[in-house]
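Structure, as structure tokens:
The values are calculated or read from the model by the stated rules, or taken from the named source; none is laboratory data. As the structure is a computational prediction, the values presented were derived from the model and not from experiment. Cβ placement follows ideal geometry from the backbone for every residue including glycine, while neighbour counts extend to all protein chains displayed. With ligands, DNA and RNA removed, areas are computed over all heavy atoms of the protein, side chains included. Shrake-Rupley method; radii C 1.70, N 1.55, O 1.52, S 1.80 Å.
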Amino acid sequence: MAPYIALVHKDKGTSYGVSFPDVPGCIAAGDTFEEAVANAAQALAGHLALLRADGDSIPAPRSFEELKRDREFRADAADAIVTVVAPQRMAAEA
């Protein structure tokens, strides 16, 4: 499965939060950056699996260059760490 660009946010006194601009509603969190990104890989795989199971289309991941042209992405990314997260392989896919 293709990786998706993710935004990682951290406010003082909170966990790290991860969201995916191309997969609305898919979020994850963790006490450390590494934990949040690992949890995001699991959340992304589960979210995409539910979309498939419901017969919904899987959103195509946009490139960073495409996202940079999106005003909403630029605003959301202004105070975030931008990283790439690949969906974790589910047991049925292994």
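With contributions of -39500 (n - 2.57) from each DSSP H run of at least four residues, the per-residue ellipticity at 222 nm computed over the chain stands at -10500 deg cm²/dmol. Projected label points at GLN88 and LYS10, each 7 Å from Cα along the beta carbon direction, are separated by 2.0 nanometres. Judged by the mean number of other Cβ atoms found within 10 Å, the most tightly packed of the peptides 43-50, 26-33 leads the ranking 43-50, 26-33.
Using C-alpha pairs under 8 Å with a sequence gap of at least 6, the mean separation divided by the residue count of the chain gives a relative contact order of 37 percent. Backbone amide hydrogens, once placed in the peptide plane, bring ALA86 within less than 5 Å of TYR4, excluding anything fewer than 5 places away on its chain. Both the radius of gyration and Dmax for the range 1-65 are 12.3, 39 Å, in that order, over alpha-carbon atoms. The accessible-area ordering, largest first, of the residues PHE64, PHE73 stands as PHE64, PHE73, per a 1.4 angstrom probe.
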